[in-house]
1. How much accessible area per residue does the chain have, counting only protein heavy atoms and a probe of 1.4 Å, in square angstrom?
2. Given H placed on each backbone N at 1.01 Å, which residues far from residue 74 in sequence or on other chains put an amide H within less than 5 Å of it?
3. Let me have the relative contact order for the stretch 4-120, percent, based on Cα pairs under 8 Å that are six or more residues apart.
4. Count charges around residue 209 for me, please; just the other residues with Cβ under 14 Å from its Cβ, Lys/Arg as +1, Asp/Glu as -1.
5. Output ³J(HN,Hα) for the stretch 119-127: one whole-Hz value per residue in order, computed from phi by the Karplus curve 6.51 cos²θ - 1.76 cosθ + 1.60 with θ = phi - 60°, and x for Gly and Pro.
6. Pop out the ³J(HN,Hα) list for the stretch 87-97 in order, Karplus 6.51 cos²θ - 1.76 cosθ + 1.60 with θ = phi - 60°, rounded to Hz; leave Gly and Pro as x.
7. Compute the relative contact order of the stretch 169-264 as a whole-number percentage, counting only Cα pairs closer than 8 Å that sit 6 or more residues apart in sequence.
8. Can you compute the helix-only [θ] at 222 nm over the chain? Use -39500 (n - 2.57) per DSSP H run of at least 4 residues, normalise by all residues, nearest 500 deg cm²/dmol.
Amino acid sequence: MKREKKLQNQLWKERMPLIASFFLPFFILTVICILHDVYPFGEQCILHIDMYHQYCPFFTEFLHKLRTGGSLQYSWNLGLGSDFVSLYAYYLASPLNFLIVLCPKHYVIEFMTILVLAKIALCGLTFFLFLKYHFHLIGKDSKLHKNQVIPALVCSTAYALSGFVAAYSWDIMWMDCILLFPLIMVGLEKLVREQKPGLYFVTLALSVFANYYISIMICIFLVFYFILLFFTQKGGKLKVFLRFAWYSLLAGSVSMVLLLPEIA
């Protein structure tokens, strides 16, 4: 029993920083919503610029199609009729958007609000994971120490609530790429240093699938970051280069299931 309690306490201590990295930005955002009277704390909502004119109607139409089994190829309910494939590919391709099927019809705005808050909070968690891996925050005793955890939490919260996020969080379809970006970085480092391509392939493929627009910028950054890792790598450089090229192309190819019909 004592041994089990010790293991539980150890697991709890290990998970606490991860939980904190998620809930710290989420708590700050909730306070901001309260101060700005965002529903259910008031009568305001987060719909802003294109989120009001485009994204909310798109989400509402997406919910209608999922509920009624309507075609995802075309819609007569947007303007005078619109191609839905290209619209889905840019605005609605995030796998998280399918959770809207659990949402009552009259609460689409509230669903979008929760989704934005959750994605920003997940940015804090994923960036903490990047810091944990990149800076080797776990000591020789396999524990995270306070002098490492607090700065990491400050930095992860700063990433989640950065100027870019503050300015563009209403572009809800971009936020998937922002939360996946730190994991892609971890994946790239694992690919180069440990010959483990799995995380890099999965996260980059998800990012390109969720939103190709922001993913273009991520891919450009990855090329420069790979060059840095390449020249600091000792030995096996040709294999590293081939591995990077292959899994990058493979991750992009997976999204062609969606992008080719959109281009057509």
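The values are calculated or read from the model by the stated rules, or taken from the named source; none is laboratory data. Keep in mind that this is a model prediction, so the values were computed, not measured. Ideal geometry is used to build each Cβ from the backbone, glycine not excepted, and the neighbour counts take in all protein chains shown. Heads up: the accessible areas ignore ligands, DNA and RNA and are worked out on the full protein's heavy atoms, side chains in. Shrake-Rupley method; radii C 1.70, N 1.55, O 1.52, S 1.80 Å.
1. On the way: 15140 Å² over 264 residues.
Value returned for the chain: 57 Å² of accessible area per residue.
2. 84
3. Details: 62 pairs, mean separation 28.2, N = 117.
The normalised contact order for the stretch 4-120 reaches 24 percent.
4. Numbers: positive: none; negative: 176, 262.
The answer is -2.
5. Each residue's phi maps through the Karplus curve to give 5, 5, 5, 5, 4, x, 5, 5, 6 Hz.
6. Residue by residue, the stretch 87-97 yields 5, 5, 4, 8, 9, 10, 6, 4, x, 5, 5 Hz.
7. Working: 89 pairs, mean separation 30.3, N = 96.
It comes to 32 percent, rounded to a whole number.
8. Working: 11 runs with 179 residues, N = 264.
Using -39500 (n - 2.57) per qualifying helix, the result is -22500 deg cm²/dmol.
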